[in-house]
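Novice: Structure provided below as structure tokens; questions to follow.
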Amino acid sequence: MKMKRGIVAGSMVCLFWGSVMAANIAPRYQFVTLKPGEHAWGIYTLTNDENEKLNVTAEAKDWFVLPENNGIGATTWLTFKKPKFLLKKGKTKKVKFYVVAPEKAKGELVGMVSFLIEGEKVMDLNRRLSSAVYVGIEGTEELKGELSAFSIKLGTNSVSAGVVVENKGNVHLRPKGHFDISTSSGLPVAALSIDEGGVAYPGKNQSFFGTLNGVSLGEGEYVVKISLQDIDRQKEFVQVEKKFLINKEGQVELK
């Protein structure tokens, strides 16, 4: 296997970083793209803020598996240097893990780094903390999303817009973007940022919304330009225009 470009074995440079404190884990997810046969390593930092020793077990679990990747379980591409250890009260430990891009994998592998934390004294202390890990397979990734629905809602002094993204590719989508609303003559009237929401997995639909306060739209025809970019891969996958009308009653009519 080849080492991931830009990462030197034994150095302090890591592809991933994270931390667990008491009942928290960060970051929420981790992402990398590798060529088939390449591998990378990362580190989670666990801190024991409880008033007792903790037994910790690191496990790899499947999260979302493409049909093309059936049979490639998370335990085959996501492993740990030392999966079981004792974490003393007030102490911190770095847990190293590895990911590899199997030769036969396509699109993307999605697994979960899961820490089973068990208290030695308090029975109800047992819990599991997890963080998603995404490994894109370079040369096989297809990032493709389309809008399957669009909506505009008016508040007393606000405008909200929403879209439903249908993932037609073979990798996850984590959209960010904006709605730029203008009159039919081209005069800008509002710009809404799209709030980060859930992940749209291949073959699935996911809703995303944005709201702008302190603005009111009157009767007339409008054009909204919708731009969406995937946060993780930094690639735009949607850029479309939609039209809508606000009638005399103040109701929105989509065109």
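The values are calculated or read from the model by the stated rules, or taken from the named source; none is laboratory data. Bear in mind the structure is a predicted one, so any value in this text is a computation, not a measurement. Here the Cβ is made from the backbone with ideal geometry for all residues, glycine too, and neighbour counts use every protein chain on show.
Novice: What tally of residues in the range 240-255 results from selecting those that are among the aliphatic types (A, V, I, L, M) and either free of Cβ contacts under 8 Å to residues at least 12 places away in the same chain or under 18 Å from T156 (Cα atoms) (or both)?
Specialist: Result for the range 240-255: 3.
Novice: Another question, then. Please tell me if T45 is at pLDDT 50 or above, part of a helix (DSSP H, G or I), among the polar types (S, T, N, Q) and farther than 21 Å from E138 by Cβ.
Specialist: Here the answer is no, as T45 does not meet what is asked.
Novice: I've got another one for you. Check K82, K106 and return the single one that is buried (at least 18 other Cβ atoms within 10 Å of the Cβ), in a loop (DSSP other than H, G, I, E, B) and modelled with pLDDT of 85 or more. First the steps, then the outcome.
Specialist: Values: K82 fails: buried (at least 18 other Cβ atoms within 10 Å of the Cβ).
K106 is the lone residue from the list that is buried (at least 18 other Cβ atoms within 10 Å of the Cβ), in a loop (DSSP other than H, G, I, E, B) and modelled with pLDDT of 85 or more.
Novice: Could you say whether any residue in the range 200-222 is touching a Phe, Trp or Tyr at 6+ places or on another chain (Cβ under 8 Å) and among the β-branched types (V, I, T)?
Specialist: Taking every residue of the range 200-222 in turn, none turns out to be touching a Phe, Trp or Tyr at 6+ places or on another chain (Cβ under 8 Å) and among the β-branched types (V, I, T).
Novice: Could you name every one of the strands (runs of 3 or more DSSP E) located completely within the range 182-255 that has at least 2 residues being outside the structural domain of G107 (by TED's automatic domain parsing), closer than 28 Å to I137 by Cβ and touching a Lys or Arg at 6+ places or on another chain (Cβ under 9 Å)?
Specialist: Ranges flagged: 220-230, 235-246.
Novice: Can you confirm whether S182 is more than 17 Å from I231 (Cα to Cα), polar (S, T, N, Q) and touching a residue at least 12 places away in the same chain (Cβ under 8 Å)?
Specialist: Yes, satisfied.
Novice: Is it the case that the range 32-39 has a residue that's in a loop (DSSP other than H, G, I, E, B), at pLDDT 85 or above, of a type in the set (D, E, K, R) and over 28 Å from H172 (Cα atoms)?
Specialist: In the first step, residues of the range 32-39 are kept if they are in a loop (DSSP other than H, G, I, E, B); the result is 35-37.
Next cut, at pLDDT 85 or above only: 35-37.
With of a type in the set (D, E, K, R) added as a condition, the list becomes 35.
Cutting the leftovers down to over 28 Å from H172 (Cα atoms) gives us none.
Scanning the range 32-39 turns up no residue that is in a loop (DSSP other than H, G, I, E, B), at pLDDT 85 or above, of a type in the set (D, E, K, R) and over 28 Å from H172 (Cα atoms).
Novice: Starting from residues that are at pLDDT 95 or above, surrounded by fewer than 15 Cβ atoms within 10 Å (Cβ to Cβ) and among the hydroxyl-bearing types (S, T, Y), keep the ones in the range 57-79 and report whichever is nearest to Y29 (Cα to Cα).
Specialist: The qualifying residue nearest to Y29 (Cα to Cα) is T75.
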